[in-house]
Amino acid sequence: MAESSGLKLKVSPLAAGITLGVGASLVQAYFKVFPPVADGFCFVCHPRDLFNWVANSLFGTDWTVSAMSVPLPVLTLVGVILGAFVASCLAKEFKWRPARERIKHFALGFATINFGLLLGACPIRVVLQSAYGDPLGVAGWICVMLGVVVATLAMRWFATRAAEKGGE
């Protein structure tokens with residue numbers, strides 16, 4: 001059980017994940033979505049689809065959106081931001097903080113989103129595509145794993161350097 005500043009979660013992350021996974025599968029089966037769309041919870045594709053959907057609706061453009069975003073926009077990003085805001089307020093953890101190292105974080109975020117767009121999907125979608133036997137999904141998943149290893153090694157190297165400078 002997780003506990004955070006007076007806000008107690010009564011559901012474990014494992015139970016929530018299993019419940020949501022089974023629930024999503026049942027909804028896909030109920031609506032007869034076969035094969036299921038290889039789409040997950042994405043902070044690359046969903047904002048792109050939201051932006052493109054709004055542009056298409058307002059300006060009559062014909063920018064690409066995923067099949068599930070054609071009738072209505074995907075509001076995953078909006079829901080997560082609002083949900084995080086509400087949860088932080090309920091837990092009395094919300095406070096405005098000035099951004100540190102703005103240019104570095106902007107550049108890293110820009111690189112991350114662009115590499116995600118080059119990959120054409122988020123890691124969850126890549127795993128789903130791999131599970132369906134898509135060769136591009138398998139190649140993408142291998143690249144994602146290599147990226148995680150390289151990023152982890154880089155973060156450890158930077159942390160070690162910072163600790164050594166702090167100890168002087």
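The values are calculated or read from the model by the stated rules, or taken from the named source; none is laboratory data. Just so it is clear, the model here is predicted, and its values are computed rather than measured. Every residue, glycine as well, gets a Cβ built from its backbone with ideal geometry; the counts of neighbours run over all protein chains shown.
Give just the number: which of (1) under 30 Å from Ser130 (Cβ atoms); (2) among the hydrophobic types (A, V, I, L, M, F, W, C); (3) not in a loop (DSSP other than H, G, I, E, B) does Leu82 not satisfy?
Condition (1) is where Leu82 drops out.
Is it the case that some residue within segment 60-78 is touching an Asp or Glu at 6+ places or on another chain (Cβ under 7 Å), in a helix (DSSP H, G or I) and at pLDDT below 90?
yes
Considering only segment 160-168, I want to know if a residue exists there that is part of a loop (DSSP other than H, G, I, E, B) and surrounded by 14 or more Cβ atoms within 10 Å (Cβ to Cβ). First the steps, then the outcome.
Step one: of segment 160-168, the residues part of a loop (DSSP other than H, G, I, E, B) are 167-168.
Then drop every residue that is not surrounded by 14 or more Cβ atoms within 10 Å (Cβ to Cβ), which leaves none.
No, that holds for no residue.
Just to be sure, is Phe85 surrounded by 14 or more Cβ atoms within 10 Å (Cβ to Cβ), under 30 Å from Arg97 (Cβ atoms), out of contact with any Pro (no Cβ under 7 Å at 6 or more places or on another chain) and at pLDDT 90 or above? If you could, list the steps in order and put the result at the bottom.
Numbers: surrounded by 14 or more Cβ atoms within 10 Å (Cβ to Cβ): no; under 30 Å from Arg97 (Cβ atoms): yes; out of contact with any Pro (no Cβ under 7 Å at 6 or more places or on another chain): yes; at pLDDT 90 or above: yes.
Against the criterion (surrounded by 14 or more Cβ atoms within 10 Å (Cβ to Cβ), under 30 Å from Arg97 (Cβ atoms), out of contact with any Pro (no Cβ under 7 Å at 6 or more places or on another chain) and at pLDDT 90 or above), Phe85 does not qualify.
Before we move on, is Ala107 over 17 Å from the mean Cα position of the chain (by Cα) and closer than 16 Å to Arg48 by Cα?
Details: over 17 Å from the mean Cα position of the chain (by Cα): yes; closer than 16 Å to Arg48 by Cα: no.
Considered against the rule, which asks whether it is over 17 Å from the mean Cα position of the chain (by Cα) and closer than 16 Å to Arg48 by Cα, Ala107 comes out as no.
Going by what's in this entry, would Asn52 be described as surrounded by 13 or more Cβ atoms within 10 Å (Cβ to Cβ), within 22 Å of Pro123 (Cβ to Cβ), at pLDDT 90 or above and out of contact with any Lys or Arg (no Cβ under 9 Å at 6 or more places or on another chain)? Can you show your working first?
Values: surrounded by 13 or more Cβ atoms within 10 Å (Cβ to Cβ): yes; within 22 Å of Pro123 (Cβ to Cβ): yes; at pLDDT 90 or above: yes; out of contact with any Lys or Arg (no Cβ under 9 Å at 6 or more places or on another chain): yes.
Answer is yes for this residue.
Looking at this structure, is Val22 crowded, with 16+ Cβ neighbours inside 10 Å, modelled with pLDDT of 80 or more and not assigned by TED's automatic domain parsing to the domain that holds Val126?
Values: crowded, with 16+ Cβ neighbours inside 10 Å: no; modelled with pLDDT of 80 or more: yes; not assigned by TED's automatic domain parsing to the domain that holds Val126: yes.
Against the criterion (crowded, with 16+ Cβ neighbours inside 10 Å, modelled with pLDDT of 80 or more and not assigned by TED's automatic domain parsing to the domain that holds Val126), Val22 does not qualify.
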